[in-house]
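**Q** Below you will find the structure I want to go over with you.
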Amino acid sequence: MPRPHSRLHVVGGGLAGLAAALAGSRAGWAVEVWEASPGFGGRCRSFVDPVLGRRVDNGNHLLLAGNRAAMRHLAETGGDRAVRLAPARFPCLDLESGERWEVGVPNGGVGFPPRPSLPPGVAGGGLLRDLGRLWRLKGDAPLGDALPEGPARRLLWDPLVRAVMNMDPDEAAAPPFRRALGEILARGPGGLRPVLFPRGLAAALVDPALDTLRARGAGLHPGRRVVGLDLGRERALGLGTRGGTVALAAGDALVVALPPSGAAALLPGLAVPEGHSPILGAHFALDAPRLPVPFMGLVGGTAEWLFQHEGVLSATVSAAGAADDAALPARLWADAARALGCEGAPPPPARLVREKAATFRQTPAGEALRPPARTRWRNVALAGDWTRTGLPATIEGALRSGASAVRALG
Ligand SMILES: Cc1cc2nc3c(=O)[nH]c(=O)nc-3n(C[C@H](O)[C@H](O)[C@H](O)COP(=O)(O)OP(=O)(O)OC[C@H]3O[C@@H](n4cnc5c(N)ncnc54)[C@H](O)[C@@H]3O)c2cc1C
């Protein structure tokens with residue numbers, strides 16, 4: 001518990017930092033959030049693109065109703081007014097064979113047992129055997145070791161692992177994927193319902209959190225990069241920002257909610273996972289034609305997911321290796337046009353966003369280096385999607401890490 005009038009300084013205004021700020025203000029801290037960029041939200045942000053003249057997200061984000069910290073965050077801040085829950089159905093298209101199908105729970109969980117619909121050639125029994133192997137896999141073996149080649153791997157596991165872990169299954173660590181999958185499945189068919197962001201990510205996940213923090217009297221400091229910490233033997237004594245230093249009084253505390261390299265730069269001796277995995281997105285200004293659904297999974301091409309917002313169709317590629325960016329919009333548009341049923345149509349205006357450091361490399365080696373929230377300084381805690389949350393580097397992991405960091409301060 002904070003002493004009366006104690007201040008909690010949160011360094012980094014991404015979702016982990018905002019979650020720490022919300023948890024801190026709930027617990028009675030006076031909160032200050034220091035963010036290097038002119039805006040908050042970090043890797044989960046929206047902006048008006050000058051080329052398209054439309055509001056876009058930095059990348060498509062898939063969130064499920066079974067992500068309980070995310071649903072709590074939306075409810076606490078009023079962000080739930082800016083989302084819509086879709087049915088637990090994921091339409092898919094194989095760009096090689098032209099086959100279309102839906103993965104999900106068509107009866108929406110009404111009736112028992114809920115009858116899942118699966119990709120062509122994939123049987124429930126085989127999936128259960130895959131799950132058994134996945135759960136028995138040793139901690140340092142990559143996920144792919146549990147998943148034999150075949151239709152289930154190509155049409156279900158590979159796209160799912162790439163979407164959740166932003167890594168190929170042959171490189172991805174198993175424990176966080178298992179935990180995320182286990183938590184979602186345990187919540188029943190309702191947990192599989194996708195959360196849609198018709199007005200963009202920031203309108204739901206970021207702006208309402210900032211309004212809530214302002215209403216609780218928090219100080220929000222965009223454009224104030226923290227360049228150094230004054231660290232004593234046992235506690236942090238101050239922080240240096242572009243624009244001045246801030247002394248920490250006895251009882252004040254700090255949550256460092258930065259990406260791995262930023263945290264390592266501020267906290268000497270902190271070991272962090274190395275390397276990043278990129279995510280690539282192309283936004284097309286498109287009013288028509290439209291997909292009959294808000295999103296679609298694609299296999300056998302370059303694009304992996306299509307998301308449709310008002311006036312914008314976006315294509316995503318996870319774990320996107322080095323690629324010729326100049327040729328990509330045309331390739332992604334060709335895939336999108338197949339899904340839209342307008343093959344050969346000229347590409348609409350496009351904006352490519354390559355997030356080079358979308359997530360840390362979630363390999364078994366990277367997993368072993370994720371640090372806990374507690375640090376060797378008793379008034380400093382760590383947050384971020386890459387810290388030891390047990391979950392993949394996702395919105396859910398980032399939000400939970402923020403609350404855990406505040407709990408770690410005691
Ligand atoms: C393209 C893309 C697609 C994604 N898709 C999904 C998805 O489908 N589902 C999902 O759940 N997750 C997805 N994610 C992951 C999700 O966005 C992240 O897990 C989450 O946003 C991470 O939040 P964070 O607060 O841990 O880190 P960040 O968002 O990186 O926050 C760190 C903040 O610290 C600031 N900062 C850095 N240095 C300093 C400094 N010295 N001083 C002050 N501030 C500083 C940064 O500007 C940033 O705002 C995706 C990510 C990307 C990039």
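The values are calculated or read from the model by the stated rules, or taken from the named source; none is laboratory data. It should be emphasised that the depicted structure is a prediction, and the values quoted were computed from it without experimental measurement. Don't worry about glycine lacking a Cβ; one is built from the backbone with ideal geometry, like all the others, and counts go over all protein chains shown. Accessible surface is based on the protein model in full, side chains and every heavy atom, while ligands, DNA and RNA are left aside. Shrake-Rupley method; radii C 1.70, N 1.55, O 1.52, S 1.80 Å.
**Q** Between L291, L298, which is in a loop (DSSP other than H, G, I, E, B), touching a strand residue (DSSP E or B) at 6+ places or on another chain (Cβ under 6 Å) and not assigned by TED's automatic domain parsing to the domain that holds W157? Break it down into steps so the answer makes sense when it comes.
**A** Numbers: L298 fails: in a loop (DSSP other than H, G, I, E, B).
Answer to the selection: L291.
**Q** For the stretch 181-196, enumerate the residues that are modelled with pLDDT of 95 or more and buried (at least 22 other Cβ atoms within 10 Å of the Cβ).
**A** Listed by number, the list holds a single entry, V195.
**Q** Another question about this same structure. Which one of these is outside the structural domain of A16 (by TED's automatic domain parsing) and in contact (Cβ under 8 Å) with a residue 60 or more places away in the chain: L128, L155, L137, L147?
**A** On inspection, the qualifying residue turns out to be L155.
**Q** Are any residues in the stretch 61-71 in a loop (DSSP other than H, G, I, E, B) and either among the aliphatic types (A, V, I, L, M) or surrounded by 22 or more Cβ atoms within 10 Å (Cβ to Cβ) (or both), and if so, which ones?
**A** If the condition is that a residue be in a loop (DSSP other than H, G, I, E, B) and either among the aliphatic types (A, V, I, L, M) or surrounded by 22 or more Cβ atoms within 10 Å (Cβ to Cβ) (or both), then L62, A65, G66, N67 are the ones that fit.
**Q** Any idea which residue in the stretch 237-262 is nearest to the ligand (Cβ to nearest atom), counting only those that are open to solvent by 30 Å² or more (accessible area, probe 1.4 Å) and among the hydroxyl-bearing types (S, T, Y)?
**A** Checking each candidate, the answer is S261.
**Q** Any chance you could count how many residues in the stretch 81-140 are at pLDDT 95 or above, closer than 30 Å to G200 by Cβ and assigned to a loop (DSSP other than H, G, I, E, B)?
**A** 2
**Q** Counting only residues that are away from the ligand (no atom under 16 Å from the Cβ) and buried (at least 20 other Cβ atoms within 10 Å of the Cβ), give me the helices (runs of 4 or more DSSP H) lying completely in the stretch 317-410 with at least 1 of them. So that I can check it myself, show each step before the final result.
**A** Details: elements: 328-340, 364-368, 395-408.
The qualifying helices (runs of 4 or more DSSP H) are 328-340.
**Q** Okay, next question. Are any residues in the stretch 24-55 buried (at least 23 other Cβ atoms within 10 Å of the Cβ) and of a type in the set (A, V, I, L, M), and if so, which ones?
**A** Hits for the stretch 24-55 are V31, V33.
**Q** What number of residues in the stretch 309-327 are over 18 Å from the mean Cα position of the chain (by Cα) and more than 23 Å from R361 (Cα to Cα)?
**A** Looking only at that region, the number is 7.
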